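The values are calculated or read from the model by the stated rules, or taken from the named source; none is laboratory data. These numbers were taken from a predicted model, which means no experiment stands behind them. Here the Cβ positions follow ideal geometry from the backbone for every residue, glycine too, while neighbour counts run over all protein chains shown. The protein model used for the area step is the full one, side chains on, heavy atoms only, and it has no ligands, DNA or RNA in it. Shrake-Rupley method; radii C 1.70, N 1.55, O 1.52, S 1.80 Å.
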Amino acid sequence: MFYTGIIQKLHRESCGLCCTELKNFGVTINNTEILYDINLHIHCGELTALVGPNGAGKTTLLRAMLGEIGHTGELSFLDAEGCRRNPVVGYVPQRLDFDPGLPVSVLDLFSVCLSSWPVFLGHSRRIRERALASLACVQAEHLLNRRLGDLSGGELQRVLLAVALEPNPDLLLLDEPLSGIDVQGKELFYELVSNLRKQYDLSIILVSHDWSLVSFYADRIVLLDRTVRCCGTPQEVFSNESIIKAYGPAISKEMGHGPWKPQIIHSGGVRA
Amino acid sequence: MMEIWYTFVDHFLPFAWAQHTFMKNALLAVILVSPVFAAMGTMVVNNKMAFFSDTIGHSALTGIAIGVLLGFQDPLLIMVMFSVLLAIAISVLKALASTSTDTIIGAVSATMVALGIVILTRGGGFNKFSRFLIGDLLSITPKEVLLLAFTLVGVVLLWVGVFNKFLLVSVNPSLALSRGIPVRFVDTLFCITVAVIVTVSIQWVGILIINSLLILPAAAARNISRNMRQYHVITLLITLTSGTAGLLMSYYWSTATGATIVLFAALFYLGALIAKPRFA
């Protein structure tokens, strides 16, 4: 098993034609094989949605890609010339586990991520402006001086997205960023992420349980259940009868309704 | 060096208590150690490591015991080495074990204290070690004050260098990892720093209360601050104020200095707790 320390913070512009490649990727923890034989090619400018039932290993895959847990197989980042290098990775966790009493303001969080000047000595104006600009991208400028613990779930996720976008990442990993957020919040978030992909030309991997929104916004859907079960455009995935049968019974009803529209399905039947 | 300080005190603090050399030394020690404790305390509270630092404090007993066994007159060096080893051990255990770190640390703490007591009570001579339990700030020598000054410089350098990394890891390790921070290394480095500071200060503050001194000011400041800057400034102010007040009052009441300081810090904590709703 390798321990990858590949991810490093580098300040540079996003490239044009890069991709992330997983070859024979697998994760085994305590003799339990959680993921095996994963082969994926993720391109720049694409929103890849990672769907699958609970316990399918979606979060594990992201954590392995971050280097938090060891993995087998190969994970490589290739840029336009085809040479490997260290990409900038943005990460928005499922739920930011932190102490709500922590006196860290949103500005502090940006400062900590962007500079090595100790935060308790104050913030430079440059950092403040950068944080504001980044927050503006997610419509959250007004949150700059709020304490992290005082933010609502949706606000916190938007702030985390803004942090993940600074400096411009090559790869953005979003781990169910919307669990517990209302419908409007979700659509706003998806709209944002979808625009980012076009503006910054970065590749996005999004873990989600929300089939309907995913089918509307994602360029590609990867169905994961310990390995890649199915991979393709939303149309391809949803026209695969056996996949629909096994993983998404509720979605099949929606299929007849024509063009991919975000709809909320109130159903407990979706296994994903 | 000390002469400058003595003249300074004589000049600016013309009080009865400030006539004694031991009070001058102790006052300087309080001023030097306050920023160190404030810095460590805020981060210990951020990392929810109060129990960890407590264990390090208690395990100093075993460090002393080992020093005595090996025949050292001044066990400080052995104590520091032992606590650093222990800190590394705990942080490795934390990374390996999937069970709650609380349980692991609790187990280590109890074992270490028991081991220390067993070795030290062998032959029935425990009394001479009780100064480590309560601590004696007033007995601090100029040489030891110099040691504290070096500790302060060390912590300041470390803080300027890696404070942001410490903070991000304490907010969320995964997020820190995605920003290229070597989380495990940073975590271990912090554990070692806590171990060294706690152990170095233990003979003046005392094993029983050293943790309160570390935790209370930060815990108080946390209630009434909204960002990192306020948090640190308030913690430092509380540590300095309760340190000075405790030193003075222990002189007048002839009580143990460390414990008196902690009582003042506890007062601040209570006040901050009451004031909390206004700052929420």
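When only the heavy atoms of the protein chains count and the probe is 1.4 Å, how do A:SER215, B:SER139, B:SER254 rank by accessible area, highest first?
Final ranking, largest accessible area leading: B:SER254, B:SER139, A:SER215.
Need one value: the accessible area of B:THR239 in square angstrom, 1.4 angstrom probe, rounded to the nearest 10.
10
Calculate for chain B the 222 nm mean residue ellipticity that helices alone would give, adding -39,500 (n - 2.57) per DSSP H run of length 4 or more and normalising by residue count, nearest 500 deg cm²/dmol.
Only helices count here, giving -27500 deg cm²/dmol.
For segment A:153-224, report the accessible area per residue in Å² (1.4 Å probe, heavy atoms, rounded to an integer).
27
I'd like the carbon and sulfur percentage of the solvent accessible area for the protein assembly as shown, probe radius 1.4 Å, heavy atoms only, ligands and nucleic acids excluded.
Here carbon and sulfur together make up 61 percent of the probe-accessible area.
Pop out a list of residues from segment A:111-157 that are at least 30 Å² less accessible with all the protein chains around than in their chain alone; 1.4 Å probe, no ligands or nucleic acids counted.
A:VAL112, A:CYS113, A:SER116, A:PRO118, A:VAL119, A:PHE120, A:ARG147
Out of B:THR103, B:THR21, B:GLY116, whose Cα points farthest toward the positive end of the dipole of chain B (charges: +1 Lys, Arg; -1 Asp, Glu; placed on Cβ)?
Value computed over the given set: B:THR103.
What number comes out for the charge environment of B:LEU177, summing +1 per Lys or Arg and -1 per Asp or Glu over other residues with Cβ under 9 Å away?
Taking every other residue near B:LEU177 into account, the sum is +1.
Chain pair B, A: how much accessible area is buried, both chains summed, with a 1.4 Å probe, in Å² to 100?
Approximately 2800 Å² gets buried when B meets A.
What is segment B:18-118 by shape, rounded, prolate or oblate, if you read a ≥ b ≥ c off the alpha carbon gyration tensor as root eigenvalues and call it rounded for a/c under 1.5, prolate for a/b larger than b/c, and oblate otherwise?
Oblate shape, in that a/c is at least 1.5 and b/c is the bigger or equal ratio.
Compute accessible area for segment B:152-174 by itself and then with all protein chains, 1.4 Å probe, and report residues whose area falls by 20 Å² or more.
Flagged in segment B:152-174: B:TRP159, B:VAL160, B:PHE163, B:ASN164, B:LEU167, B:LEU168, B:VAL171, B:ASN172, B:SER174.
Hey, what's segment B:125-273 come to in accessible area per residue, 1.4 Å probe, Å²?
On a per-residue basis, segment B:125-273 sits at 39 Å².
Could you pull out the pairs from B:LYS48/B:LYS94; A:LYS58/A:LYS186; A:LYS58/B:LYS48; B:LYS165/B:LYS276 whose alpha carbons sit more than 24 Å apart here?
Result: A:LYS58/B:LYS48; B:LYS165/B:LYS276 exceed 24 Å.
Rolling a 1.4 Å sphere over the protein heavy atoms, what is the accessible area per residue of segment B:57-116, to the nearest Å²?
Roughly 49 Å² per residue, with all protein chains present.
List the residues of segment B:220-240 whose accessible area drops by at least 50 Å² when all protein chains are present, compared with their chain alone, using a 1.4 Å probe and counting only protein heavy atoms.
Residues of segment B:220-240 that lose at least 50 Å² of accessible area once the other chains are added: B:ARG222, B:ARG226, B:MET228, B:ARG229.
If DNA, RNA and ligands are ignored and the probe is 1.4 Å, what is the ranking of A:GLU141, A:GLU46 by accessible area, most exposed first?
A:GLU141, A:GLU46
Classify segment B:91-142 from the C-alpha gyration tensor, please: rounded if a/c falls under 1.5, else prolate or oblate depending on whether a/b exceeds b/c.
oblate
Please state the shape class of chain B: rounded when a/c is under 1.5, otherwise prolate if a/b exceeds b/c and oblate if not, all from the C-alpha gyration tensor.
oblate
Could you rank A:ASP170, A:ASP210, A:ASP182 by how accessible they are, 1.4 Å probe, largest area first?
A:ASP182, A:ASP210, A:ASP170
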